[in-house]
Amino acid sequence: MSRLYDTLRRMENQKRKPGTAAVEPDKPVDLLSRVIQPSGELPSGRSAQIRVSDTSRLVALTDPTSLGAEKFRALVARLEAFRQKSDLKAIQITSATINEGKSLVAANLAVTLVKHFGYKVLLVEGDLQRPSLDELFGLTNLEGINQWWQKSPVETEIAQYVYHLDNIPMSFLSAGSSYDQPSQILQSSRFAEAFVHVSAFFDWVIVDSTPMSPIVDVNLWSRLVDGTLLVVREGVAPIKALIVGIGGLDNPKWVGVVLNEASQFDRVNYSDQYYGAKKRNRAEKQKSKAAP
């Protein structure tokens with residue numbers, strides 16, 4: 001949360017009238033003091049039921065014994081190790097271009113954190129122009145960030161747009177309807193306050209961001225999150241796009257790279273090979289104990 005603290009401190013200094021003293025590093029920030037809340041349940045009465053088919057690529061939910069699901073558990077373990085060394089709570093998932101699977105990675109990562117590690121997780125649709133998480137989870141007609149933005153600041157809090165998912169103990173903040181100028185939202189102090197406020201109720205916040213190029217949103221999100229995870233899909237991301245995208249970010253604070261759909265050994269038989277071997281070993285041990 002240190003990056004959010006620095007962002008809010010900078011915003012408060014920008015709001016101060018000329019001639020007044022800036023906020024000193026060791027003094028509390030008024031904006032931060034207003035939005036941070038004690039841990040507990042987020043006061044939101046909205047709920048939604050996800051509808052995911054068995055053929056969905058949300059493997060963390062539909063096929064937990066698959067190689068893909070195991071890879072996401074390994075990713076969580078690495079993030080946990082990273083968190084032991086530095087502040088890491090809110091992370092954005094980005095890619096060089098579209099169609100690299102960043103939304104699938106964000107969704108599977110969030111589900112894995114909830115189902116297999118028991119964390120309180122908020123999944124955020126950070127792509128306000130081309131949202132896709134609603135469709136991925138089979139959700140329709142959800143209101144979200146864009147509807148909240150259109151309301152007056154005193155009329156509603158962003159927490160009222162956070163949905164508790166019925167099928168899995170996870171929370172979801174949708175983008176809502178598409179918005180043509182998301183930078184107006186993401187660079188505002190109003191959204192920064194709302195984001196840090198709602199983040200305080202969760203152990204992890206996963207933001208499905210936009211591709212790095214030519215969208216500026218990744219840079220805006222990087223002010224609000226603690227780190228950035230890059231998704232690269234084999235055979236899709238041009239090297240030039242990767243170089244340009246990475247070079248265009250101010251301070252992404254990289255936490256890792258996910259190589260999506262990489263060439264590797266037979267994935268289809270992974271479950272039978274690994275879990276089947278466990279069952280065979282167990283049966284052989286029981287058989288040896290029963291032998292005279």
TODO: Please work out if residue 203 is of a type in the set (D, E, K, R), surrounded by fewer than 22 Cβ atoms within 10 Å (Cβ to Cβ) and under 12 Å from the mean Cα position of the chain (by Cα).
DONE: yes
TODO: Go through region 153-168 and give me each residue that's touching a helix residue (DSSP H, G or I) at 6+ places or on another chain (Cβ under 8 Å) and touching a residue at least 12 places away in the same chain (Cβ under 8 Å).
DONE: 153, 157, 158, 159, 160, 161, 162, 168
TODO: Tell me which residues, restricted to region 102-134, are of a type in the set (Gly, Ala, Ser) and either open to solvent by less than 20 Å² (accessible area, probe 1.4 Å) or not in a loop (DSSP other than H, G, I, E, B) (or both).
DONE: 103, 106, 107, 110, 126
- [ ] Tell me which residues, restricted to region 91-102, are more than 18 Å from residue 220 (Cα to Cα) and of a type outside the set (D, E, K, R).
- [x] 98, 99, 101
Open item on the list: Could you check region 71-101 and list, in sequence order, the residues that are of a type outside the set (S, T, N, Q), open to solvent by 50 Å² or more (accessible area, probe 1.4 Å) and not in a helix (DSSP H, G or I)?
Closed with: 87, 98
Open item on the list: Can you find, within region 223-245, the residue that is nearest to residue 84 (Cα to Cα) among those that are out of contact with any strand residue (DSSP E or B) (no Cβ under 7 Å at 6 or more places or on another chain) and surrounded by fewer than 16 Cβ atoms within 10 Å (Cβ to Cβ)?
Closed with: 243
Open item on the list: Under 7 Å between Cβ atoms, which residue pairs at least 6 apart in sequence (or on different chains) link something in region 101-125 that is free of Cβ contacts under 8 Å to residues at least 60 places away in the same chain with a partner that is of a type in the set (Lys, Arg) and not in a loop (DSSP other than H, G, I, E, B)?
Closed with: 112/73; 116/73
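The values are calculated or read from the model by the stated rules, or taken from the named source; none is laboratory data. From a predicted model like this one, the values you see are computed outputs, not experimental measurements. Glycine also receives a Cβ, built like all others from the backbone with ideal geometry; neighbour counts cover every protein chain displayed. Surface areas here come from the heavy atoms of the whole protein model, side chains and all, with no ligands, DNA or RNA. Shrake-Rupley method; radii C 1.70, N 1.55, O 1.52, S 1.80 Å.
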